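Remarks on the structure that follows.
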Amino acid sequence: MGPLLLLFSCWTLVGAQTPLFKLRSVTLTIEPATDLLRDANATLWCRAGVSSSGTLTHVPVYTFYKDGTKVFTKKSASSELAYPLLHVRYSNTGKYKCRVEIDGQGENSDTSKLTVTGVSVPLLQLSRSTLSEGEELTASCSAPDETGAFFFYFYVDGREMQDQPARSNRADAQLRFNGGGVRQVHCDYTVMLAPGSTKSNKSNTVTVSVRELSFRPLLEIRPVAEVFEGDQLSVSCRPEGNSNIPGGLLLLLTHGTQLLGSGVDHVNSSITAKESGEIECSFEVGNVPKKATKNISVIELFSVPRLSVSLAEVFAGDRMVLTCSSAVLVARRLTSEDISYALDSKGPPTTELGAGRFSVRAPPHPLSYTCTATARGITKHSQALLVRPKVSVVRPSITVVEQVILGRPFQIRCLSEGGSLPINYTLFRKYEPLNVTTVSTPYQQALFTATIQESDDIKLYMCEAANKPNNEGELSPRLNASVIVPLSNATLTALPAPWDVSEGDALILICGVTGTPPVTFKWYRKDGGAQLLFAGTANGRSMAHRIHAVSRDHSGSYYCEAVNHARNPVRSQTVLIEVTEDRTTSSMWSVRPATAVVLKKGTDTVYTELQNAPPSVVADAAAAAADHEYGSLQYADLKNTHPLLGPDEDYNHGLPVPVD
């Protein structure tokens, strides 16, 4: 027989002796329902689903759990087991499950919740129903047939006096009664069950009779009529009735939280009336406190003072008056001469002006002031007055925001570098106010719009900054800014004269304007369209363009354009140039009209020549005017004399070119 056949025979033999089984499922059911009233009966059934090849040789073990805690376990050969709950209580409320284990195999059921509603009515019993004031009795409160963790509560005349935790369904409390009369006592309880609880109904009520002690405190206060602040009160405290107690009684006399005095058998005190309140005379007999109280109403002699400042707005360094005054005075008890005022301050020295008035110079920083009023031994303090001084404006500056162009609107900025907001800015022209604007935030600007027609008018503007109620302000200097005059009167002058240009001559085209330099000049030749010949920038009002050795091809129409920072281009008249054939010096000299060439620097004449000058002489003179720091070149036909350029002009090729 081979090894495999031997192994199979052995397994068959073992299998025949030990049945095979499988624990398939475990279920838990609560009967008759999961929601029950108190005193009902419930049964928890744990059922096991088992598959087996024969009779089980191992007995199943059933275990029941409540809220995760084992509450019952038992072996049973049956496929189900009952766990009875008789006369259920609120403490039976919880989440239940069961577990079945068979020969090492185990399975849990799902969880089922049982809810029990209702608890028993508590029962109250007292150790005695008649006692004297200060004596104790024992109160017992029980929860019949209830189980669990408890809190018991004891009430006297509806007011809770004690609470007691307990692990059993009964608790005792010691109750003491102060004062005589009939008292009503009852109790109730709460059953604690995580995560909640339930409270019982009210127990039976038991009546207790309390005999009052034969003596009590006697409190007397004089005077008994109107009491004003500062009045002297005579107060006495003593026991009344049978007070024959060994060692006597310790009496306490209090006014609010203040102890006025204490003594054995009696207390006398003299106090100054300051505020309304309750005066109490008390003592203890054994553990019984006895007290008598009287409320005194103190009439205010004068009201709490109020501190005020004379100025609506206070500026650092200003002299201000602080006034301390009481709005209410009892005239039949007090006059204004009977009350004195004092100022409390850690600031600059003060000068007393009388009648609660004080003169003080405003500090440079915020400062709190208080004052006191005193009369008939009564002192009252005012609330703190916080003075926040403002800072006066400093002299403002006046500037323009961008360029100033004659005849066009521009903006003026007025700015004070110091001073508390808000600040009022006023723009003046010839000391006449034009406009006012208020700056209230740190990032706001005072801007004004103006227009001038003459360059010197720019100096007529000033501005004022003010932040004081009386409008005392600081005046700025006069506005000082460059004024750009827009260009006008553009002219193009040709040297030699347009009618006297010969081949080989040097032609000078001078462009002149009226307005503010720097100026950008451009020369054009009309040849079907506008042909740009040259462009340049001069720091003057004229500039020359030289054409060396002209030919017949240079004949045509010429003009120039100019623009400055006012960005208003101007254009000259068109000049027609006719280049004639070259002529000999002798022949040209005889027919050329008489010409004057005058070179000036400022108002001084530097060079002059009156002759029948050849074209090269005239061209050289014009070049000298354009290439040197001379003011102007004047070229005139003596038959029709006219200046070609204005005085005091020069140019500079290195200046930036204004934008067209």
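With the condition kept exactly as written, say whether any residue in the range 527-536 is touching an Asp or Glu at 6+ places or on another chain (Cβ under 6 Å) and charged (D, E, K, R).
no
Can you name the residue in the range 222-238 that is assigned to a strand (DSSP E or B) and open to solvent by 20 Å² or more (accessible area, probe 1.4 Å) and, of all such residues, is farthest from Thr138 (Cα to Cα)?
Filtering first and then ranking leaves Gln232.
Somewhere in the range 71-87, is a residue out of contact with any strand residue (DSSP E or B) (no Cβ under 6 Å at 6 or more places or on another chain) and within 30 Å of Val206 (Cα to Cα)?
For the range 71-87, residues out of contact with any strand residue (DSSP E or B) (no Cβ under 6 Å at 6 or more places or on another chain) and within 30 Å of Val206 (Cα to Cα): present.
If I ask for residues that are loosely packed, with under 12 Cβ neighbours inside 10 Å and in a strand (DSSP E or B), which ones from the range 201-221 would you list?
Thr207
With Asp163, Asp145 as the choices, which residue is touching a His at 6+ places or on another chain (Cβ under 8 Å), of a type in the set (Asp, Glu), open to solvent by 40 Å² or more (accessible area, probe 1.4 Å) and closer than 30 Å to Asp67 by Cα?
Testing whether each residue is touching a His at 6+ places or on another chain (Cβ under 8 Å), of a type in the set (Asp, Glu), open to solvent by 40 Å² or more (accessible area, probe 1.4 Å) and closer than 30 Å to Asp67 by Cα leaves just Asp145.
May I ask you to list pairs of residues, at least six apart or on different chains, whose Cβ atoms are under 7 Å apart, with the first in the range 436-460 being closer than 27 Å to Thr516 by Cβ and the second being among the basic types (Lys, Arg) and open to solvent by 40 Å² or more (accessible area, probe 1.4 Å)?
Leu447/Arg413; Thr451/Arg408; Lys459/Arg478; Leu460/Arg429; Leu460/Lys430
Pull up the range 395-405, narrow it to residues that are open to solvent by less than 70 Å² (accessible area, probe 1.4 Å) and part of a loop (DSSP other than H, G, I, E, B), then point me to the one that is nearest to Asp456 (Cα to Cα).
The selected residue is Val401.
So how many residues does the range 177-200 have that are in contact (Cβ under 8 Å) with a residue 24 or more places away in the chain, part of a loop (DSSP other than H, G, I, E, B) and either surrounded by fewer than 19 Cβ atoms within 10 Å (Cβ to Cβ) or not small (Gly, Ala, Ser) (or both)?
Of the residues in that region, 5 qualify.
In the list Leu385, Leu329, Leu353, which residue meets the criterion of being at negative phi and in contact with a helix residue (DSSP H, G or I) (Cβ under 8 Å, 6 or more places away or on another chain)?
Answer to the check: Leu329.
Could you pull out the residue among Ser345, Ser392, Ser420 that is at pLDDT below 95, farther than 30 Å from His565 by Cβ, in contact with a Leu (Cβ under 9 Å, 6 or more places away or on another chain) and surrounded by 13 or more Cβ atoms within 10 Å (Cβ to Cβ)?
Ser345
Pairs please, first residue from the range 212-223 and over 8 Å from Lys290 (Cβ atoms), second anywhere and of a type in the set (Lys, Arg) and loosely packed, with under 14 Cβ neighbours inside 10 Å, Cβ atoms under 7 Å, 6+ apart in sequence or on different chains.
From residues that are over 8 Å from Lys290 (Cβ atoms), the pairs are Leu219/Lys294; Ile221/Lys294.
Of the residues Ala139, Ala77, only one is assigned to a strand (DSSP E or B) and not charged (D, E, K, R); which?
Ala139
Counting only residues that are of a type outside the set (A, V, I, L, M, F, W, C), open to solvent by 40 Å² or more (accessible area, probe 1.4 Å), touching a Ser or Thr at 6+ places or on another chain (Cβ under 8 Å) and more than 20 Å from Val235 (Cβ to Cβ), how many does the range 288-317 have?
Going through the range 288-317 one residue at a time, the tally reaches 2.
In the range 281-293, is there at least one residue being under 30 Å from Lys390 (Cβ atoms), assigned to a strand (DSSP E or B) and either among the basic types (Lys, Arg) or touching a residue at least 12 places away in the same chain (Cβ under 8 Å) (or both)?
No, the range 281-293 has no match at all.
Working only within the range 518-557, note down all residues that are without any contact (Cβ under 8 Å) to a residue 60 or more places away in the chain and either acidic (Asp, Glu) or touching a Lys or Arg at 6+ places or on another chain (Cβ under 8 Å) (or both).
Matches in the range 518-557: Asp527, Gln531, Leu532, Leu533, Phe534, Asp553, Gly556, Ser557.
The values are calculated or read from the model by the stated rules, or taken from the named source; none is laboratory data. These numbers were taken from a predicted model, which means no experiment stands behind them. As a convention, Cβ positions derive from the backbone with ideal geometry for all residues, glycine included, and neighbour counts pool all protein chains shown. Surface areas here come from the heavy atoms of the whole protein model, side chains and all, with no ligands, DNA or RNA. Shrake-Rupley method; radii C 1.70, N 1.55, O 1.52, S 1.80 Å.
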